[in-house]
Amino acid sequence: QVQLVESGGGLVQAGGSLRLSCAASGSIFSIKTMAWYRQVPGKQRELVAYMSIDGTTNYADSVMGRFTISRDNAKNTVYLQMNSLKPEDTAVYYCSAGDYVVDYWGQGTQVTVSS
């Protein structure tokens, strides 16, 4: 089992920044990929940022140039740096870890961007 715990969400004004953290524990040796998703009530969960095993990253068009996914292997933690935040970024953000077979999910952290 892999356990993921997100933190760092909160309320921020448009144009501001937040850094989300996702701490992994358990069978972390099995993790191959990491990703951040977000979800608005009534909508499907949306992929925001993705990091493959070799460190290659991909981003949703809506966050390209504003968000950065990174990792600190020593801390077993993945981050999402969120800059130039917009009200439409408001959502619950979820950390996901994959082993090519199973995806694991954190509990989510709320990000609210005010106008």
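Observations, loosely collected:
- Only Cα pairs under 8 Å and 6+ residues apart enter the sum, and on that basis the relative contact order of the chain stands at 37 percent.
- Heavy-atom accessible surface of the chain, averaged per residue, reaches 54 Å², computed with a 1.4 Å probe.
- Proximal lysines relative to Lys75, as straight alpha-carbon distance under 25 Å, when same-chain residues fewer than 8 apart are discounted: Lys32
- For the stretch 60-115, the Kirkwood estimate of hydrodynamic radius, built from reciprocal distances between every pair of different alpha carbons, is 12.9 Å.
- For the chain, built as a Gaussian network whose Cα springs stay under 10 Å, the top-fluctuating residue of Leu47, Leu80, Leu20: Leu47
- Taking the Cα centre of the stretch 50-115 as origin and assigning +1 to Lys and Arg Cβ atoms and -1 to Asp and Glu Cβ atoms, the resulting dipole is close to 220 debye.
- Each residue of the stretch 101-112 was assigned a 3J(HN,Hα) from its phi angle through the Karplus expression (A = 6.51, B = -1.76, C = 1.60, θ = phi - 60°), giving 10, 10, 9, 10, 10, x, 7, x, 9, 7, 10, 10 Hz with x at Gly and Pro.
- Taking a straight line from the alpha carbon of Lys86, these aspartates and glutamates sit under 15 Å away, with near neighbours fewer than eight places off in the same chain left out: Asp61.
- When only the Cβ of Lys, Arg, Asp and Glu is charged (+1, +1, -1, -1), the dipole of the stretch 1-84 relative to its Cα centre reaches about 100 debye.
- Percentage of interatomic Cα-Cα distances in the stretch 1-53 larger than 17 Å: 53
- Percent breakdown of C-alpha pair distances by 5 Å bin, ordered from the shortest bin, for the chain: 2, 12, 24, 26, 19, 10, 5, 1, 0
- When the solvent-accessible area of the chain is split by element, carbon and sulfur atoms take up 50 percent of it, the probe being 1.4 Å.
- Most fluctuating residue given options Lys75, Lys32, Lys86, as computed from a GNM of the chain linking Cα atoms under 10 Å: Lys75
The values are calculated or read from the model by the stated rules, or taken from the named source; none is laboratory data. Since the structure is predicted, the reported quantities are computational estimates derived from the model, not experimental observations. Note that each Cβ is placed from the backbone with ideal geometry, even for glycine, and that neighbours are counted across all protein chains shown. Accessible surface areas use protein heavy atoms only, side chains included; no ligands, DNA or RNA. Shrake-Rupley method; radii C 1.70, N 1.55, O 1.52, S 1.80 Å.
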